[in-house]
Amino acid sequence: MQFTSDNSIPAAPEIMQAILDCNQGGTGGYGADPYCAEAIAQIREIFEAPEAAVYFVATGSAANALALATLVEPFETVFCHTHAHINEDECGAPEFFTNGAKLISIDGENGKLQPDTVAQVIQSTGTLGVHHVQQGALSLTNLTEAGTSYSVSELQALCDVAKSYNRPVHLDGARFANAVASGNHSPADHSWRAGVDALVLGGTKNGLMMGEAVIIFDPQKAWEFELRRKRGGHLVSKGRYFGAQFSAFLRDDLWLTYARKANAQMAKLVSGLKNKPNVHFDFAPDGNVAFLRFPREIHQALHAAGAKYYLFPADQNLDGSPEEELSARIVTSWCTTDEELEKFISFF
């Protein structure tokens, strides 16, 4: 019963085979190879963005920080949700790589920002001229950290606010595939058509061994990103292994197949638990992440049986009153089995 994270699961067999297949002979270094070229062409086609610049890095933290550094100046801001990954889980990497841009966090229910609130915060920023940090980029996350999904219309409304202040938009898409798979709109609709300027297309959480793609829809920013990636130590010499993974990942919509499987497994879990009197969901999951509360005695039994998942927040204690509710984060993936789900549900 492995539900800690979609980072904790194996690389998918198609991805491992792609790595083996590309592991023959010599080729160009630093991404100048046919595997990266093919993956970039696929991304441009899938996103209907023939001029987009595409770059591969190893981690989501690097992808987000480098993308934001390309969009903002050191004396500007990054507006984001209070629980955004860049705000809570990246150890100051965005501030470091932007050389000091200030993150301004904004609250929002169900993990989502609201246009009116974002507009108020942007408008109130930089009002004292040189004495204030200046307005910068808006950063969104889809799926959100709460496991909810922005609809295309919600993304459009938020991007419209940013554009009304002539501000760029960054989208952390660590689980972008899950967001796209949860609806009926295209990747382009979920990104540049809505107003997104730079997207991090996650791979690690969706079957890759490791790898994230940064898609910059304004090619005028491409050279700056390349320099920042090199200077930041994230230009990988053997780039073919990223390219081969992404090429296999995107071929025949395998990336969406993985995401649909993860989403479907979460839907099964929700269906099996939603009518149990001792379970309460904090949010209605749109993808493969759920936050739920149930009695400590069930947590204890699950842990004793080998279930793996995070108590969230992490400062909760398994010792204490059996009836007290503890909160948990449950994450499904492309390889979550029906047997795991059935066994987990059987404890309630």
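The values are calculated or read from the model by the stated rules, or taken from the named source; none is laboratory data. Keep in mind that this is a model prediction, so the values were computed, not measured. Cβ sites come from the backbone with ideal geometry, for glycine too, and all protein chains shown count toward neighbours. The accessibility values were calculated without ligands, DNA or RNA, using every heavy atom of the protein model including side chains. Shrake-Rupley method; radii C 1.70, N 1.55, O 1.52, S 1.80 Å.
Would you check the accessible area of ILE19, probe 1.4 Å, heavy atoms only, in square angstrom rounded to 10? Answer for ILE19: close to 30 Å² accessible. Summing Lys and Arg as +1 and Asp and Glu as -1 over all other residues whose Cβ lies under 15 Å from the Cβ of MET1 gives a net charge of -1. Using a probe of 1.4 Å on the protein chains alone, the accessible area found for ASP319 is around 120 Å². Per residue, the solvent-accessible area of the chain (1.4 Å probe, heavy atoms of protein chains only, all protein chains present) comes to 43 Å². Cα centroids of the stretch 171-219 and the stretch 233-272: 11 Å apart.
What number, in percent, do you get for the relative contact order of the stretch 231-348 if the mean sequence gap of Cα pairs under 8 Å and at least 6 apart is divided by its residue count? That works out to 30 percent.
Loop only per DSSP, at most 15 neighbouring Cβ atoms within 10 Å: give me the trypsin sites (Lys or Arg not before Pro) in the stretch 193-246, ordered by residue number. Mind showing how you got there, number by number?
Details: sites: ARG193, LYS205, LYS221, ARG228, ARG229, LYS230, ARG231, LYS238, ARG240; in loops: ARG193, LYS238.
Taking the stretch 193-246 and a limit of 15 other Cβ atoms within 10 Å, the loop trypsin sites (Lys or Arg not before Pro) found are LYS238.
Taking 7 Å steps out from each Cα toward its Cβ at PHE348 and THR4 produces label points 2.3 nm apart.
Within the shell of other residues whose beta carbon sits under 14 angstrom from the beta carbon of ASP252, the net charge comes to -2, with Lys and Arg scored +1 and Asp and Glu -1. If only the Cβ of Lys and Arg carry +1 and only the Cβ of Asp and Glu carry -1, the dipole of the chain around its Cα centre is close to 440 debye.
Using heavy atoms of the protein chains and a probe of 1.4 Å, the accessible area assigned to HIS132 is about 70 Å². Ranking TRP334, TRP223, TRP255 by solvent-accessible area of protein heavy atoms (1.4 Å probe, all protein chains present), from largest to smallest, gives TRP223, TRP334, TRP255.
In summary, the lysines within cross-link reach of LYS261, defined as a Cα separation below 17 angstrom excluding same-chain residues under 8 places away, comprise LYS205. Around GLU297, with a cut-off of 10 angstrom between Cβ atoms, what is the net charge of the other residues, counting Lys and Arg +1 and Asp and Glu -1? Charge balance in the 10 Å sphere: -1. Of the residues GLU340, GLU51, GLU90, the one with the largest accessible area comes first in the ranking GLU51, GLU340, GLU90, computed with a 1.4 Å probe on protein heavy atoms. At an R0 of 25 angstrom, the distance between the Cβ atoms of VAL270 and GLU14 translates into a FRET efficiency of 0.35. Note on the chain: antiparallel DSSP beta bridges, both residues inside, total approximately 55 percent of the bridges counted.
Cross-link candidates for LYS308: which lysines have Cα within less than 16 Å, leaving aside residues fewer than 8 places away along the same chain? Partners within reach: LYS343.
Just need the relative contact order of the chain here, percent rounded to a whole number, with Cα pairs under 8 Å and 6+ apart.
Numbers: 696 pairs, mean separation 85.3, N = 348.
Relative contact order comes out at 25 percent.
To put it simply, the accessible area of the chain at a 1.4 Å probe is 51 percent carbon and sulfur. Between LYS238 and GLU324, the modelled label-to-label distance comes to 4.9 nm, taking each label 7 Å out from Cα in the direction of the beta carbon. In the list [x] 14; [y] 20; [z] 5, the label attached to percent of Cα pairs over 40 Å apart as derived from the coordinates here is [x].
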